[in-house]
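*Asks:* This is the structure I have questions about; it appears just below.
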Amino acid sequence: MKRSVKIEMDSTYSGSYGRIRAAQVEFLSDNFISSFYEMDIEGITRALSTRQYKEDIDQLYSLYRNPELLEMAINRRLAVRNRIALFAPPPNAADILRAYLAKWDVQNIKSVLTAKFLGYSLGQTEAFLVGFRQAALGIFAGNLRNEDYNLLLSLPDIEAIVEALSKYGYGATLLQEIERYRKENDISPMLRALDRYYYRRLFSSLRFYLGSEGPVIRYFREEVDLKNVMMLLIAKDLGIPFETIREEIIPNGNLQTEILGSIYDEGSVEAAMTRFAERIGLKGPTGDGFVSSDFRSFEAHIRHRLYEKYASLLSAQAISIGSIFAFILRAERERELLLSIVKGKVYGVPEEKIKALAGGM
C-alpha cells in the first residue's frame with residue numbers, strides 16, 4: 001500500500017509568491033513577440049511602447065536613439081524585474097538570489113574587459129551593460145554601480161581595470177590570470193575565470209531549506225554543463241587540445257571531466273554537438289531545426305530547451321524559491337528573444353537565422 005507524502009511549504013514565501021504572481025502579467029506573449037519578425041526597428045519600438053516597456057523607452061529616449069535605445073530599454077526592463085525578484089524571497093533565501101543575480105555584474109565586467117581590449121569607448125560599450133544608467137542592476141544584485149562602470153571604462157588598460165576590481169571581490173580571481181594575459185595578449189582565460197568564480201559562489205550559497213530547492217540546483221548544474229560544453233566546442237574548433245582547457249572546466253555540473261573529454265574526442269565539432277545533445281536527451285543538431293556549425297544558434301537552442309524543461313516545473317512550486325526563479329528565467333528568456341530579433345534586424349540577418357538565434361522560436 002502506497003503512503004501519501006505531505007510536502008510542507010515554507011509559509012515565509014507566501015507574500016513573495018503574491019508579488020511575483022502580480023508581476024507576471026507584464027510578460028509578453030509568444031505571439032506578440034513573433035509579430036516582431038514582420039516589423040522594422042521603429043515598428044518594434046512602437047509595439048513595445050504599448051506595453052510595460054513604455055516606461056523604459058520614455059526614461060531613455062532623451063539620451064539614445066535606435067537601435068541603442070531599444071537595446072538599453074530591454075536591458076532596463078530586465079533590471080527592474082530582477083529587482084522585484086531580489087526583494088521577493090524571505091531573508092533566509094536572499095543570499096541565493098544575490099549570488100545568482102551577480103551574473104550580471106560578471107557579464108558587465110566581461111563587457112568592460114572586452115571593450116577595453118578592443119579599444120571601444122564608453123558610448124560604444126554601455127548598451128551592452130545590463131541595467132546601466134537608469135536602472136543599475138549593480139545596486140540591487142551585485143557590488144558595482146553606474147559610477148563604478150564609468151570609472152572602469154575610463155582606466156587606461158586591462159591591468160588597471162583588474163587592479164580596480166580588487167575591491168569588489170573579482171580582482172583576486174583575475175589577478176591569477178594576469179601573467180598569462182601579459183604573455184599571450186589573450187583575455188579569454190580571464191573571462192572563463194570569472195565564470196568559475198561566479199558558479200563557485202553560487203553553489204556555495206545554495207541550501208536545502210525544505211527540500212524544495214532541488215529543481216533550482218538541477219537547473220544550475222545543467223547550465224554549468226552547457227557552459228563547459230560550449231568552451232570545449234570552441235576549443236575543438238580552434239584546434240586547442242583538451243588537456244589545455246581541462247583546468248578551466250567549471251565544477252558542479254552533471255558531466256564529469258572524463259565525459260566532457262569523450263565529447264571533445266568526437267571526430268568533428270558537429271559530432272561533439274550531437275553527442276552532447278543526445279547526452280541530455282535532445283535530438284541531434286542537424287535534425288532539430290538549427291544549424292549545427294553555428295555555435296550561437298546551438299547554445300541558444302539548448303538554453304531554450306532548458307527553459308522549457310524547468311520553467312513549468314519551477315512555476316508549479318507555488319510557495320517556494322522555485323516560483324521566484326521561474327519568474328527570473330522567464331524575464332531572461334524574454335530579453336534573449338527580444339535582443340535576438342532587434343540585433344538580427346539591425347544587421348540584416350534573414351528571419352530563419354534570427355529564429356535560430358532565438359532558440360528556434
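The values are calculated or read from the model by the stated rules, or taken from the named source; none is laboratory data. Keep in mind the model is a prediction, meaning the values are calculated, not measured. Neighbour counts are summed over all protein chains in view; Cβ atoms, including those assigned to glycine, are modelled from backbone coordinates with ideal geometry.
*Asks:* Within region 136-156, can one find any residue that is modelled with pLDDT of 90 or more and not polar (S, T, N, Q)?
*Replies:* First pass over region 136-156, keeping only residues modelled with pLDDT of 90 or more: 155-156.
This time we only want the ones that are not polar (S, T, N, Q), so: 155-156.
Yes, region 136-156 contains at least one residue that is modelled with pLDDT of 90 or more and not polar (S, T, N, Q).
*Asks:* So which pairs qualify, if the first residue must be in region 268-279 and within 16 Å of F242 (Cα to Cα), the second must be in a helix (DSSP H, G or I) and basic (K, R), the Cβ gap must be under 7 Å, and the two must be at least 6 apart or on different chains?
*Replies:* What qualifies is V269/K236; A272/K236.
*Asks:* From the list R275, R218, R246, which one is basic (K, R), in the same structural domain as F298 (by TED's automatic domain parsing), under 20 Å from R192 (Cα atoms) and outside any loop (DSSP other than H, G, I, E, B)?
*Replies:* Going through R275, R218, R246 in turn, the sole match is R246.
*Asks:* Among the numbered criteria (1) farther than 27 Å from V269 by Cα; (2) assigned by TED's automatic domain parsing to the domain that holds A316, which one does Q176 miss?
*Replies:* Q176 satisfies all of (1) farther than 27 Å from V269 by Cα; (2) assigned by TED's automatic domain parsing to the domain that holds A316 except (2).
*Asks:* I've got another one for you. Evaluate the following for N66: is it surrounded by 16 or more Cβ atoms within 10 Å (Cβ to Cβ) and outside any helix (DSSP H, G or I)?
*Replies:* yes
*Asks:* Continuing with this model, one more query. Identify, from the list Y120, Y100, the residue that is at pLDDT below 95 and either surrounded by fewer than 21 Cβ atoms within 10 Å (Cβ to Cβ) or in the same structural domain as E332 (by TED's automatic domain parsing) (or both).
*Replies:* Exactly one of Y120, Y100 is at pLDDT below 95 and either surrounded by fewer than 21 Cβ atoms within 10 Å (Cβ to Cβ) or in the same structural domain as E332 (by TED's automatic domain parsing) (or both), namely Y120.
*Asks:* Criterion first (part of a helix (DSSP H, G or I), at pLDDT 95 or above and not β-branched (V, I, T)) does F32 satisfy it?
*Replies:* When the stated conditions are applied, F32 passes them.
*Asks:* So which residues in region 13-63 are surrounded by fewer than 16 Cβ atoms within 10 Å (Cβ to Cβ), hydroxyl-bearing (S, T, Y) and within 22 Å of the chain's Cα centre (by Cα), if there are any at all?
*Replies:* S29, S34
*Asks:* Can you pull out the residues in region 340-361 that are hydrophobic (A, V, I, L, M, F, W, C) and surrounded by 19 or more Cβ atoms within 10 Å (Cβ to Cβ)?
*Replies:* Across region 340-361, the qualifying residues are I341, V342, I354, A356, L357, A358.
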